[in-house]
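This report concerns only the one structure given below.
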Amino acid sequence: MKKIGVLSDTHCFIPEQVYTFFKYCDELWHAGDIGNLQVYNTLQDFKPTIAVFGNMDGYDLRYQIPETQLFNCEGAKVLMTHIGGYPDHYNRNALRTIEREKPNIFVAGHSHILRIMYDKKYNLLHINPGAAGHQGFHLKATLVRFDIDGGTPKNLEYLEFDK
């Protein structure tokens with residue numbers, strides 16, 4: 001079993017809640033718009049971090065991390081990208097990859113809207129952790145954490161706080 005912390009859209013800022021809410025997580029997944037290499041390295045120093053770059057990330061990050069990640073975690077196949085949409089509203093690239101790879105979990109950021117939903121059509125859990133940073137239109141910042149045990153996500157929780 002692994003405890004996973006999920007965040008997105010930090011935009012050069014790591015809120016203090018990351019360190020408390022993710023304290024017992026084994027790894028972090030960052031769904032893009034990290035902001036700069038310093039934020040990425042700070043997260044890596046805190047916890048092993050799997051990340052994708054977002055549309056606002058510069059070439060320093062694009063050189064270090066990919067646009068899309070496809071990986072296995074405790075028996076679950078995970079697909080992560082920054083701009084992916086959500087069930088019934090996936091963008092074309094994300095939909096092609098979902099249909100080809102058949103992930104169990106699909107993580108996307110970009111919208112700054114916390115959205116966690118099960119997609120019955122593609123048999124996957126969709127997670128958009130919202131935005132953890134303070135740039136953007138969102139009024140609340142959000143973080144998500146959960147366990148993966150035997151390929152199954154469990155004990156999903158989110159934290160909402162003032163940005």
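Once the Cβ-Cβ distance between residue 45 and residue 158 is put in as r, and R0 is 25 Å, what FRET efficiency do you end up with, to the nearest 0.05?
0.55
List nothing, just return the count: lysine pairs in the range 46-162, 8 or more apart or interchain, with Cα separation under 18 Å.
Lysine pairs, 8 or more places apart or on different chains, close enough: 7.
Using Cα-Cα distances under 8 Å and only pairs 6 or more residues apart, what relative contact order does the range 1-102 have, in percent?
Relative contact order comes out at 21 percent.
Mean-square fluctuation check for the chain, GNM, Cα pairs under 10 Å: which of 94, 131, 108 is largest?
Ranking 94, 131, 108 by mean-square fluctuation puts 94 first.
In nm, to one decimal, how far is the modelled label at residue 137 from the one at residue 55, with both set 7 Å along Cα→Cβ?
Once both label points are built, they end up 1.2 nm from each other.
Counting Lys +1, Arg +1, Asp -1, Glu -1, what net charge surrounds residue 49 among other residues with beta carbon under 13 Å of its beta carbon? Can you show the working numbers first?
Working: positive: 47; negative: 26, 27, 45.
Summing Lys and Arg as +1 and Asp and Glu as -1 gives -2.
May I ask what percent, to the nearest 5, of DSSP beta bridges between residues of the chain are antiparallel?
Numbers: 26 of 40 bridges.
If we restrict to bridges inside the chain, about 65 percent are antiparallel.
Can you compute the charge dipole magnitude of the chain about its Cα centre, using +1 on each Lys and Arg Cβ and -1 on each Asp and Glu Cβ, nothing else charged? Give it in debye, rounded to the nearest 20.
Value, rounded to 20: 420 debye.
Could you go through the range 40-53 in sequence order and give the Karplus-derived ³J(HN,Hα) for each residue, using 6.51 cos²θ - 1.76 cosθ + 1.60 with θ = phi - 60°, rounded to whole Hz, and x for Gly and Pro?
Taking θ as phi minus 60°, the curve returns 4, 5, 5, 5, 4, 5, 7, 8, x, 10, 9, 9, 10, 8 Hz for the range 40-53.
Which loop chymotrypsin sites (Phe, Trp or Tyr not before Pro) in the range 1-81, with loop taken from DSSP, have no more than 14 other Cβ atoms within 10 angstrom of their Cβ? Could the numbers behind the result be given before it?
On the way: sites: 13, 19, 21, 22, 24, 29, 40, 46, 53, 59, 63, 71; in loops: 13, 22, 24, 53.
Those that pass, being in a loop and sparsely packed, are 24.
Between residue 74 and residue 119, what length in nm is gained on full extension when 0.36 nm per residue of separation is reduced by their alpha carbon distance?
14.2 nm
Accessible surface of residue 12 in the full protein assembly, 1.4 angstrom probe, to the nearest 10 Å²?
Near enough 70 Å² of accessible area.
The values are calculated or read from the model by the stated rules, or taken from the named source; none is laboratory data. No experiment lies behind these values; they were computed from the predicted model shown. Note: ideal-geometry Cβ built from the backbone for every residue, glycine included; neighbour counts use all protein chains shown. Side chains are part of the model used for accessible areas, which takes the heavy atoms of the whole protein and leaves out ligands, DNA and RNA. Shrake-Rupley method; radii C 1.70, N 1.55, O 1.52, S 1.80 Å.
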